[in-house]
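Below is one structure, written out as C-alpha cells; the observations come after it.
Values quoted throughout were computed directly from the atomic coordinates according to the rules given, and no laboratory measurement underlies them. These figures come from a predicted structure and were not determined experimentally. Don't worry about glycine lacking a Cβ; one is built from the backbone with ideal geometry, like all the others, and counts go over all protein chains shown.
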Amino acid sequence: MTNQPLHVRVNSPEKIIWEGEAESVSSQNTEGPFDILPMHSNFITIIDNREIRIKTSGGTQIYKFNYSVIYAHSNQVKIYTNL
C-alpha cells in the first residue's frame, strides 16, 4: 500500500463543488457505513441524504445532498450530487 492520497472531485450538474487530495472518503449507504482509502478497489454506491466526509490533511469537508453517487476507481473518487 502506498501513501498516495486519493484525488476527489465533488460534482453537481452546474459546477465542481470541491476538488483536491484526500486521505479518505466516508459515508453510509443501505448496507451501512464505509470508508474509501487510498488504493481502494473499484466501488460504486448510491448515497441517499447522508453525510459524505472527505478527510484531508487540513481537516474534514462535510457534505450532505438529497441524492449522490460515489464512484471510486484508480485512486480517484468522483461524487456526483443532486442528480
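Looking only at residues in the range 1-40 that are part of a strand (DSSP E or B) and among the acidic types (Asp, Glu), the one that is surrounded by the most Cβ atoms within 10 Å (Cβ to Cβ) is Glu21. For the range 41-57, residues that are in a strand (DSSP E or B) and either over 18 Å from Asn11 (Cβ atoms) or in contact with a Leu (Cβ under 9 Å, 6 or more places away or on another chain) (or both) total 2.
Sub-8 Å Cβ pairs linking a first residue in the range 6-29 that is aromatic (Phe, Trp, Tyr) to a second residue that is surrounded by 16 or more Cβ atoms within 10 Å (Cβ to Cβ), at least 6 apart or interchain, are Trp18/Val8; Trp18/Val10; Trp18/Ile54; Trp18/Gln61; Trp18/Tyr63, ordered by first then second residue. Would you be able to tell me the number of residues in the range 58-82 that are in contact (Cβ under 8 Å) with a residue 60 or more places away in the chain and over 15 Å from Arg9 (Cβ atoms)? Within the range 58-82, residues that are in contact (Cβ under 8 Å) with a residue 60 or more places away in the chain and over 15 Å from Arg9 (Cβ atoms) number 0.
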